[in-house]
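Below: the structure, in structure tokens.
The values are calculated or read from the model by the stated rules, or taken from the named source; none is laboratory data. No experiment lies behind these values; they were computed from the predicted model shown. Every residue, glycine as well, gets a Cβ built from its backbone with ideal geometry; the counts of neighbours run over all protein chains shown.
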Amino acid sequence: MSKKAFFITSFAFPRYDAGATRITMLAKALRGQGYEVELCGMGDDVQFDGIVCRTLNPYRSNRICNSIAWRLIGMTAVAYVKSIIDDADVIVASFLPSSVVEKIKALCCEADVVFAVDCTEWFTPEEFPHGVNDAGYIDHLRLLTEVIDSDVKVIAISSYLEDYFTEKGCSVLRVPSVLDNEELAPDLPVGLQSSAISIMYAGSPAVKDSLGVVLDSINLLDRDVLGRISFSFYGVSEDDLLHYAKKGAALPACVHAYGRVSRKDVIAALKNADFTILMRDPSMKFAQAGMPTKVTESLGCGTPVIANITSDLGEYLVDGLNSIVVRNFSAEACAFALERAASLSVADRSSMRREALKSMRCGLDYRVYSVALDEFLCGGGA
């Protein structure tokens, strides 16, 4: 008889954000080991890719009811767990308030059901409107420091979080930012024809992604290099980019901002870019505790990455093979990396594309962690 795993989160299924995508990958990993899986979040009540998705929020299209549903997430999440706990072998929670996680933990302990929490972030005060006094930040710290204890199994996205929870006495399995290689990989390798270099960024930078450093590095390039490189920014407008640029600075002519576009269009652009670019401040806790899905997505599309090393990226990015590693967090180092990219031949870039695909398939595809996740949660033998 197959085991049953239930995932409950505040993310919106089926695929409305990166968090929902990660939970879906974990569910697929267990399904590959024979589990029956079900997802429950703040999205739609649908069946997606053969996986049942339940909703805690059937009123998404109504502004007032949607707001009420978010305020009642604690009550509805606990009610959902109570309704399925007799059928569950494993319950995995993610991005729920600490009080909700505490109640689900108690229910699982009482019912002798394995309880796990997927941990992908250690937020910092800068990410909240009211800093250290923000209720969301205080609740986040309570979850990490008090609620998650030895009664909870932890799926950690980084070695930083793995080490922290191991020291707390938790059972921990590290699963990095995984995606579906078969979904992302180009049908055929994209043939590179142009000597010009296209570099793209896609996402919502907030305080995490240091677009200011990237823009400063572009302004350090000489005219010859600038003539061979184009930059495309998706998810940010020209006004957004000007906010990250130095005060009074204009955007270079080689920079193009496309604002918000569909995920389908982003993936299509990603597969045709020569590189993606990502700079994060390694001194910030969020940069070490998390792991950017952008990198996995880029490699899975066969697009090498230009990035400095934060978190565990050094385990997956090999300079000159599937990436150009920026030696430190500075505009000068980033500019040097861009100059290296501009000097690569078509053959060099084609080789890096093949290596990018290979590195994602071998280390960042969800299937790589399927057996380990089963053994971690239930000792194998689903």
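Quick rundown of the values:
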quantity	calculated
Check on V261, among the β-branched types (V, I, T), in contact with a Phe, Trp or Tyr (Cβ under 7 Å, 6 or more places away or on another chain) and under 30 Å from I155 (Cβ atoms)	no
Residue count for segment 1-15, restricted to those that are touching a strand residue (DSSP E or B) at 6+ places or on another chain (Cβ under 6 Å), over 21 Å from V100 (Cα atoms) and without any contact (Cβ under 8 Å) to a residue 60 or more places away in the chain	1
Test: residue in segment 362-379 that is assigned to a helix (DSSP H, G or I) and closer than 22 Å to D209 by Cβ	no
Residue within segment 125-137 that is among the hydroxyl-bearing types (S, T, Y) and closer than 30 Å to D89 by Cα present	no
Any hit, segment 206-213, residues being at pLDDT below 90 and either charged (D, E, K, R) or under 24 Å from T293 (Cβ atoms) (or both)	yes
Matching residues, segment 280-317, being in contact with a Lys or Arg (Cβ under 6 Å, 6 or more places away or on another chain) and either closer than 15 Å to K358 by Cβ or in the same structural domain as V154 (by TED's automatic domain parsing) (or both)	C301, G302
Given (1) without any contact (Cβ under 8 Å) to a residue 24 or more places away in the chain; (2) under 24 Å from W70 (Cα atoms), index of the condition R31 fails	(2)
Segment 361-373, residues that are within 16 Å of G314 (Cβ to Cβ) and buried (at least 22 other Cβ atoms within 10 Å of the Cβ)	L364
Residue within segment 60-75 that is hydroxyl-bearing (S, T, Y), at pLDDT below 95 and more than 25 Å from the chain's Cα centre (by Cα) present	yes
Some residue of segment 184-205 being closer than 18 Å to I277 by Cβ, acidic (D, E) and modelled with pLDDT under 95	no
Segment 165-183 - residue that is loosely packed, with under 15 Cβ neighbours inside 10 Å and modelled with pLDDT under 95 and, of those, nearest to the chain's Cα centre (by Cα)	E183
Residue, surrounded by the fewest Cβ atoms within 10 Å (Cβ to Cβ), within segment 80-121, restricted to residues that are over 23 Å from G169 (Cβ atoms), in contact (Cβ under 8 Å) with a residue 60 or more places away in the chain and aliphatic (A, V, I, L, M)	I84
Tally of residues being among the aliphatic types (A, V, I, L, M) and surrounded by fewer than 17 Cβ atoms within 10 Å (Cβ to Cβ) across segment 342-360	2
From A69, A18, residue being in contact (Cβ under 8 Å) with a residue 40 or more places away in the chain, crowded, with 16+ Cβ neighbours inside 10 Å and small (G, A, S)	A18
Hey, L143 over 25 Å from the mean Cα position of the chain (by Cα) and either in a helix (DSSP H, G or I) or surrounded by fewer than 20 Cβ atoms within 10 Å (Cβ to Cβ) (or both) or not	no
Residue list for segment 21-53, restricted to those being out of contact with any helix residue (DSSP H, G or I) (no Cβ under 8 Å at 6 or more places or on another chain) and modelled with pLDDT of 95 or more	I23, T24, A27, R31, G34, E36, V52, C53
Flag if A135 is out of contact with any helix residue (DSSP H, G or I) (no Cβ under 7 Å at 6 or more places or on another chain) and at pLDDT 90 or above	yes
Unmet requirement for E162, which otherwise passes all of (1) at pLDDT 95 or above; (2) acidic (D, E); (3) part of a loop (DSSP other than H, G, I, E, B)	(3)
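For every residue, the table says whether it meets (1) within 16 Å of the chain's Cα centre (by Cα); (2) closer than 17 Å to I229 by Cα.
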residue: D265; (1), (2): no, no
residue: N272; (1), (2): no, yes
residue: A287; (1), (2): yes, no
residue: L299; (1), (2): yes, no
residue: L313; (1), (2): yes, no
residue: F329; (1), (2): no, no
